[in-house]
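A short reminder: the numbers here are calculations on the coordinates, not readings from a lab. In this text, all values refer to a predicted model and were calculated from it rather than measured experimentally. Neighbour counts run over all protein chains shown; Cβ positions are idealised from the backbone, glycine included.
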């Protein structure tokens, strides 16, 4: 999966973040990802905003650092971000949001690319038994 070295260089504390979006698909070889979307707990968000404050607009919706996009909110799952992070699966020393949550979010989103992803995810899960 591309950009994991960039993410590692940010030295984010374990148990405070998880990779979401298409990242959980990319790490499993289901499809490529053009960046890494990361969700973070509120206290880490505050730390990152303070760290990168000089280059930020007021109250940014996300922090973009090279090919990494960091979010404190995510449509549909904002109320459960801590749960998604706490239940993340460790793959190659990185926490990834479980596929069931990725599918849930993509079903809600309903974008054309997300509907394609749902098909790929369901096939992947079916192939794995």
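Observations
- Computed over the chain with a Gaussian network model linking Cα atoms closer than 10 Å, the most mobile of 91, 68, 81 is 91.
- Within a Gaussian network of the chain (alpha carbon springs, distance under 10 Å), most fluctuating of 99, 12, 84: 12
- Helix content alone sets the calculated 222 nm mean residue ellipticity of the chain: runs of n ≥ 4 DSSP H residues at -39500 (n - 2.57) each, divided across all residues, give -11500 deg cm²/dmol.
- Theoretical gain in end-to-end length, residue 123 to residue 11 [0.36 nm per residue, Cα-Cα removed]: 36.9 nm
- By the count of other C-beta atoms within 10 Å, a proxy for reagent exposure, 128, 51 are ordered fewest to most as 128, 51.
- On Cα atoms only, tilt of 112-127 relative to the major axis of the chain in degrees: 60
- The chain: antiparallel DSSP beta bridges as a percent of all, rounded to 5: 70
- Relative contact order computed over the chain (Cα-Cα under 8 Å; 6+ residues apart), in percent: 25
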